[in-house]
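Inspection log for the structure reproduced underneath, given as structure tokens.
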Amino acid sequence: MEEMEVKKRALELAKEIAERIKQGEFPEIEYPPNSQKNILFDEDIGYIFSPKTYSKIRGSRVKSLKTLAGVLYGLSRALDHLENGLTMTKRDFYYVHKVERLKGTLFPEDQRETDARIVLMELILGMPREAFSITSDPRGWIYGDIELIDRSGRILRADQVGEMGYSVPPRPENIKFKRIGVKAVVAIEKVGPAKNMIELGIPEERKIAIAILQGQASRSMRRFLRMLSDEGVPIAILTDLSPWSLRIAATVIYNSINSAHIPYLASPEARFIGILTKDVEVGFFRDYQFALEPLTPADLKAAQDNQFLPNLQNEFWQRENRWFLEKKKKAEIEIFKAMSPTAKKLKELFVEYLREKLDEHLGISI
Amino acid sequence: MSEDVRLEEISAADFFYRNKSLAGFDNPVRATYTIVRELVENALDAAEMAENPPKIQVVMAGYKERDMGSLPWYRIVVADNGIGLGPDEIPRAFGRVFVSSKYRLIQSRGTFGLGGTMALLYGQITTNMPFKVTSAKKGEPVYEITMMIDIQKNEPVVLDRRVLKGISRASFTVVESYFEGNYPRAKRKIIDYLHQTAIVVPYADITFMDPEGNFYVFPRSTDRLPPRPKEALYHPKGVDLELLQRLLQATKARTLKSFLTRHFQRVGGKTASEVLKIAGLPPDKKPSKLTKEEIERLFRALKSYDKFLPPDPSVLSPLGADLFESGIKKELRPEFVKAVQRPPSVYEAHPFIVETAIAYGGQIRPTGEIQLYRYANRIPLLYDVSSDVSYQIIKRIDWSNYGIKSPEDEPIVFFVHIVSTKVPFKTVGKEFIANVPEVAKEIELGLRNCARDLRIFLSRKRRKEMLRRRYELFRMYYQIIAETLEELLGERPPVENLLDKLRVKVGDEDGGDGGQEESP
């Protein structure tokens, strides 16, 4: 069990530190930092955490000592939660440090301090924070004909657990798939259009699942998509056509730098199906130029930064990105509403677009 | 003799009466402070003249409540263990303004007797009550003399004279007087004055019982008095035309040449002849026979002659760095004090010595303003601090070079003491020192000298403090580590061993190891 592994590693670390102290030496913790040197990028795998250099947290230096005490304290709180079957958010973890006896030492100035400590604990233990009880509020749903067995052993069907589907839990590792009755999963950035597709009955009719990302995909959602991908389910990604959405799509496919040290968050088999620049220029939306939105200054800045992100370096992403810099425009998934005077028409357009795209990018007909 | 005649015509006492502000009596508050100050200065001078460690007792009490027409009246009694005065000296010493003209040069707090007499005169003017002086020399009878001053005639009027005791074992003087004033508003200044005096006269015991019943004690920290100043002749470049005239009138010398060698320092026969040659005056001319025009020629010759040696500084009596520090320590209880005595220097033919000191920390508190104690010939200067040259110098110095971010906000007090035969006051009020380049230079050098020691002290102190803080952080963090490990492993590791290792480092002030560590 992962829980046992966390406990084992944490106690090993504690013993090592205690032993050094017994010998009258200042304790140290060695760990691989998530610096650029230790992170590789491979188009077929995504970000790879490959430690070449190691850092030391030294108990003989004031600054370092704070970190060392902080890591130990953080681990002790995490183990306490684990043993009692309790989880905590990053905010909880911050408050765990806001205690009287830590004034003048580990009492944090703001949450960034304890957030950084969580990443450090991940690097030291080599495990994601979810394994040591620090989870995020769940974000992301999956709707479709997928039968799964959750952590408690219940069998659930992801199109029979509410109108948004199954809410992906913080630790999807514990989920087992019993039966997968869909041809593909379409991961959609925005809640509105995704809900429309569900409300129009498209998943049932077309044998697809809809994954609702709600913005940047959460770590648990990315892990869950990877699990589906590992089961052989084709994953399609549908986002806005914007500089931010490029990153959202690329993060699902390759993982991100910030969480590069956490494995199995990338789904390299997933395909970015839209909205693409060619859809706007010559494809599905070519007659709807008038429904495009102008880029905001923040959007433009994001597009400029995109030129240098390691996971956006191949020709496809850069070509897509150049379009923003040139046209200074973006398209949102809501453009379907601008094209459809009636609900019936909307359904036709959704289906037509998905059929065309899934066929083109994944070779799947629906 | 025309000068003397003029003095007779307008009595000096009368003159003072009409020009009260010149002497610091311009309002009842200031007058209350000035009376205490003048009588205390007199008492200190008397004691120092006797070469006794001064013991000064001041008692001030309400005498008459405030009523429709007047402010309250007070009775002041000041007692000293000074030289004491005989029955004939008392009326002369206290009963006339401008009691003596002295054709000699010596550093003193003021002109002897003058300030004290004016204080008594003020009392007489405001209350029309006589004052009383009780005094004795050692082994002589104690006389008590009750008297007033005849303002028009500038003469003492003895009202009563009695012998209190056949033989006095010690010399002393007690002055008792009544005046109209305002103690509540003068209180702050009077206490400041006594406190600052106690610093610059650390060998004096001063007590003060005030009209509110508070008893202030400023005990001495040492019995050692600074050496008495020597008397000396005037330096030829240090006299003005009027003084030269008066010297020519009063001299017993029969020729100009002997006049010059007898009344001036740094003038021998050869120098005298050279000066007289420049002036175009015969060496054997009788001094009192000089015409006004000849006096001016002599004066200009003295001014233009450039081969006089600089004036003799032995007339000056600085406090000395040790005594200065002793006084500062006892009154302010600082953590650090450094006093410096600069070598003698000269401005406009007046010798002077600057003494500076800096005190830091301990019981000193920052006030948000520059704390500067100024002294001239051992008298504290309490007014117009921001106009003083020392204040301007302190403002100008970049204190960050000496480890002080801003002197206003740190527990630092500056001291500047100038001793001179002629203190370069800027105004007749004698409350602040003018920006004379020679004097300013010495003040700045003195302050910087003290500041260098302060910088060393502060950097040691801050380094110690840093190491102590660092040790404290280590202690706290290892406390957390020990508790956490105990919680995880069920056993508390002996973190004290590590802390002991650090303590060795902290104790070792010059140890290089600590410096390599990151500071918190």
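Go through region A:204-261 and give me each residue that's among the hydrophobic types (A, V, I, L, M, F, W, C), outside any loop (DSSP other than H, G, I, E, B) and more than 20 Å from A:I366 (Cβ to Cβ).
Those that are among the hydrophobic types (A, V, I, L, M, F, W, C), outside any loop (DSSP other than H, G, I, E, B) and more than 20 Å from A:I366 (Cβ to Cβ): A:M221, A:F224, A:M227, A:L241, A:W244, A:L246, A:I248, A:A249, A:A250, A:V252, A:I253.
From the list A:S50, A:S60, A:S35, pick out the single residue that is of a type outside the set (F, W, Y), closer than 24 Å to B:A482 by Cβ and not assigned by TED's automatic domain parsing to the domain that holds A:R247.
Exactly one residue qualifies, and that residue is A:S60.
Scan region A:319-366 residue by residue and report those that are touching a residue at least 12 places away in the same chain (Cβ under 8 Å), under 27 Å from the mean Cα position of the chain (by Cα) and loosely packed, with under 13 Cβ neighbours inside 10 Å.
Residue satisfying the conditions is A:R319 alone.
Which number in (1) part of a helix (DSSP H, G or I); (2) within 14 Å of chain B (Cβ to nearest Cβ) marks the one condition that A:D115 misses?
(2)
What number of residues within region B:278-299 satisfy the criterion of being free of Cβ contacts under 8 Å to residues at least 24 places away in the same chain and surrounded by 13 or more Cβ atoms within 10 Å (Cβ to Cβ)?
3
B:E242 fails exactly one of the following numbered conditions: (1) among the charged types (D, E, K, R); (2) crowded, with 17+ Cβ neighbours inside 10 Å; (3) not assigned by TED's automatic domain parsing to the domain that holds B:Y373. What is the number of that condition?
B:E242 satisfies all of (1) among the charged types (D, E, K, R); (2) crowded, with 17+ Cβ neighbours inside 10 Å; (3) not assigned by TED's automatic domain parsing to the domain that holds B:Y373 except (2).
Tell me the residue from A:S267, A:S259 that is surrounded by 24 or more Cβ atoms within 10 Å (Cβ to Cβ), in contact with a helix residue (DSSP H, G or I) (Cβ under 9 Å, 6 or more places away or on another chain) and of a type in the set (S, T, Y), please.
When all the criteria are applied, what remains is A:S267.
Out of (1) under 19 Å from A:E5 (Cβ atoms); (2) within 11 Å of chain B (Cβ to nearest Cβ); (3) buried (at least 18 other Cβ atoms within 10 Å of the Cβ), the odd one out for A:G70 is which?
The one condition A:G70 does not meet is (1).
Scan (1) in the same structural domain as B:P424 (by TED's automatic domain parsing); (2) of a type outside the set (S, T, Y); (3) in contact (Cβ under 8 Å) with a residue 12 or more places away in the chain for the single condition B:P343 breaks and write down its number.
(3)
Quickly run through region A:24-37 and pick out the residues that are surrounded by 12 or more Cβ atoms within 10 Å (Cβ to Cβ) and either without any contact (Cβ under 8 Å) to a residue 40 or more places away in the chain or farther than 19 Å from A:M127 by Cβ (or both).
Hits for region A:24-37 are A:E25, A:F26, A:P27, A:E28, A:K37.
Can you name the residue in region B:383-393 that is out of contact with any Phe, Trp or Tyr (no Cβ under 6 Å at 6 or more places or on another chain) and crowded, with 18+ Cβ neighbours inside 10 Å and, of all such residues, is farthest from B:L454 (Cα to Cα)?
B:V389
Of all residues in region B:457-482 being surrounded by 14 or more Cβ atoms within 10 Å (Cβ to Cβ) and over 18 Å from B:D500 (Cα atoms), which is farthest from the other protein chains (Cβ to nearest Cβ)?
Only one residue fits best here, namely B:F457.
May I ask you to verify whether B:S70 is of a type in the set (S, T, N, Q), at pLDDT below 85 and either crowded, with 22+ Cβ neighbours inside 10 Å or part of a helix (DSSP H, G or I) (or both)?
Taking the combined requirement at face value, the residue does not satisfy it.
Would you point out the residue of region A:50-67, among those that are aliphatic (A, V, I, L, M) and in contact with a strand residue (DSSP E or B) (Cβ under 9 Å, 6 or more places away or on another chain), that is farthest from the other protein chains (Cβ to nearest Cβ)?
Among residues in region A:50-67 that are aliphatic (A, V, I, L, M) and in contact with a strand residue (DSSP E or B) (Cβ under 9 Å, 6 or more places away or on another chain), the one farthest from the other protein chains (Cβ to nearest Cβ) is A:I57.
Out of all the residues in region B:496-516, which are modelled with pLDDT under 65, in contact with a Lys or Arg (Cβ under 7 Å, 6 or more places away or on another chain) and either assigned to a helix (DSSP H, G or I) or of a type in the set (A, V, I, L, M, F, W, C) (or both)?
Within region B:496-516, B:V506, B:D513, B:G514 meet the criteria.
What's the total number of residues in region A:224-243 that are under 14 Å from the mean Cα position of the chain (by Cα) and surrounded by fewer than 24 Cβ atoms within 10 Å (Cβ to Cβ)?
Final tally of qualifying residues: 2.
Taking B:P493 as meeting all but one of (1) part of a loop (DSSP other than H, G, I, E, B); (2) under 30 Å from B:V385 (Cβ atoms), write down the number of the exception.
(2)
Please indicate, with yes or no, whether at least one residue in region A:148-159 is among the polar types (S, T, N, Q), outside any loop (DSSP other than H, G, I, E, B) and surrounded by fewer than 19 Cβ atoms within 10 Å (Cβ to Cβ).
The answer is no; no qualifying residue exists.
The values are calculated or read from the model by the stated rules, or taken from the named source; none is laboratory data. It should be emphasised that the depicted structure is a prediction, and the values quoted were computed from it without experimental measurement. Quick reminder, even Gly has a Cβ in these numbers, built from the backbone with ideal geometry, and neighbours come from all protein chains shown.
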